[in-house]
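Working notes, beginning with the structure itself.
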Amino acid sequence: MTLKIKDPVQPQFANVLLYGPPKTGKSAAAASTGTKTLYLNADVGNALFYARQLAGDALDEAEFEGLQTLIDIYDVATKPDCPWETIVVDPISDVHRTLLEERSNLAVRPSLNQRGDVSVELERWCRNMCKYGQTNFIVIAHELVIEPEGGDVQYRPFTGVNKPTLGNKLAGMVDVIGYTGVLEAENKTHFVAQLREARGRVAGDRFNCIANEQGWAELNLAEWFALIGAAKAAASPSDSETDNKTAATAEKE
């Protein structure tokens, strides 16, 4: 078997995980990215009331009907002619709950096997969306507060179970992890995201281009995507460099 070397092509999209306490601007930020967006709202109907006002006609809401909805979204998201530039899942814990209810036929106490199967299905779906999707992919989660005995409090994405396993895997898949919060400064309310790990909160930016010197940024995904795009453009080889490499390869052959 011949080893295949990938060309250093930068995808034009990014995968983002936003998690944190309620009412810290996660849904509004995910809906107002400046792109045509498909929003899978697994929460109550009014959860997108403010987000719809911000996004207007750029926001299409998908009706969540269980596993088949995820399959349908993946089928659309992996096509080059996908009509949306961004796909949002909000919140991931309610997606997990709905899938578990579907698999267990609304059992009051689903079996361990059923719980495990749903976690694996959701993990694989998210991983494939990150890996093969032709859109920005945004996952919204509440926070899971972990208070170990004799240790520091930790905050992880809540994925529907009281263990951080799936949340940690999700954090490892995405490009940007933002822990959301509200900052009062200069008589104004700022919705912000912590982008560097600190105080027990997992966070990060694979592109290293969003956070300020203090490690946080305004919760403005349209601006984040613009910064990511600029960072990718700066890191990509220019057309002249590519032509020179092609010519050099041709001479060797």
Self-check item: Additional length obtainable on full extension of the chain from residue 212 to residue 71, 0.36 nm per residue less Cα span
Solution: 47.0 nm
Quiz item: Can you give the FRET efficiency for residue 50 and residue 6, using 1/(1 + (r/R0)^6), R0 = 41 Å, r = Cβ-Cβ distance, to the nearest 0.05?
Solution: 0.50
Practice problem: Using per-residue counts of other Cβ atoms within 10 Å, averaged over each peptide, order 84-96, 101-113 from highest down. | Solution: 84-96, 101-113
Quiz item: What is the distance, in nm, between label points placed 7 Å from the Cα along the Cα-to-Cβ direction at residue 152 and at residue 186?
Solution: 3.0
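Please get the size of the charge dipole for the chain, origin at its Cα centre, with Cβ charges of +1 on Lys and Arg and -1 on Asp and Glu, quoted in debye to the nearest 20.
The dipole magnitude comes to about 620 debye.
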Self-check item: Global geometry of the range 91-168, whether rounded, prolate or oblate, following the gyration tensor of its Cα atoms and the 1.5 cut on a/c
Solution: oblate
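Please tell me the relative contact order of the chain in percent, rounded to the nearest whole number, where contacts are Cα pairs under 8 Å and at least six residues apart.
Relative contact order comes out at 23 percent.
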Self-check item: Sum of side-chain charges, residue 119 neighbourhood, beta-carbon under 13 Å (Lys, Arg +1; Asp, Glu -1)
Solution: +4
Quiz item: In deg cm²/dmol and to the nearest 500, what is the mean residue ellipticity at 222 nm of the chain if only DSSP H runs of at least 4 residues count, each as -39500 (n - 2.57), divided by the residue total?
Solution: -12000 deg cm²/dmol
Quiz item: With each label point set 7 Å from Cα along the Cα-Cβ vector, what nm distance links residue 63 and residue 226?
Solution: 3.7
Self-check item: Distance between the range 160-222 and the range 120-148 - C-alpha centres, whole angstrom
Solution: 14
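Where a number appears in this text, it was derived from the coordinates with a stated rule and is not lab data. Predicted model only: the values in this text are computed from it and were never measured. Note: ideal-geometry Cβ built from the backbone for every residue, glycine included; neighbour counts use all protein chains shown.
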